[in-house]
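Structure first, then comments.
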Amino acid sequence: MSSLAGQLLVAMPHMQDHRFQRSVIYLCAHNEEGAMGLVVNKLIGNLTLVELLDQLSIPHDGIVGTPRVHFGGPVESGRGFVLHSADYVEEGSLVVGNEMALTATLDILRAIGRGEGPRKSLLALGYAGWGAGQLDSELQQNGWLHVPADEDIVFGRDLEKKWFRAMAKLGVDLTALSGEAGHA
């Protein structure tokens, strides 16, 4: 098994689990112990980053615009994760590839609030997780496709188009996809 960390998982059109229908997930970790990623194209209601920082009593004078809080996945939905460009890292950051990192500390939220954080970031509550071999099995059963990640898809603001854009990177004709696994 080769690691898919740093790739995007793209839910197949026939995905039955409503939590992941038309999801695009940035895979932060993938090894023999399991996998972990963040959904990058779904929000948690209308919750904004400023509102969340207010709840945490973290100043936010440096925030430009109204960034929204993402639904990272159904696991540990009260825990926050910041997926961000690797120009900012701290001791607790997990660097994935050369371009992105994952940090789950209040320090990164404080830095973002001051306008001193990473160049690009996405805050998500919860994550998508798979046990040992589970994601590999779902891939073999045609539940997911994977495609190289890029900042435009991961951090883009047009959430509705991320799934289509990820599929287009594969050159996939959506009308030709089947949910049946092929076997030789």
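Throughout, read-outs are computed from the coordinates displayed, never taken from laboratory work. Treat the numbers as computed from the prediction; the structure is a model and nothing was measured.
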Who wins for biggest fluctuation among 115, 37, 80 in a Gaussian network model of the chain, springs between alpha carbons below 10 Å? 115
What length, rounded to one decimal in nm, is gained on full extension from residue 106 through to residue 55, with 0.36 nm per residue of separation minus their alpha-carbon distance? 17.1 nm
Taking N as the number of residues in the chain, what is its alpha-carbon radius of gyration divided by 2.2 N^0.38 Å? 1.03
Need the C-alpha centroid separation for segment 81-103 versus segment 1-74, integer Å. 14 Å
Across 154, 24, 64, the residue with the highest GNM fluctuation in the chain (Cα network, 10 Å cutoff) is 64
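Given the Cα-Cα distance of residue 160 and residue 32 and 0.36 nm per residue of separation, how much length would full extension add, in nm?
42.8 nm
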Rounded to the nearest 10 degrees, the helix 159-169 long axis (Cα) sits at an angle to the longest Cα principal axis of the chain of 50 degrees
Give me the percent of DSSP beta bridges within segment 7-176 that run antiparallel, rounded to the nearest 5. 95 percent
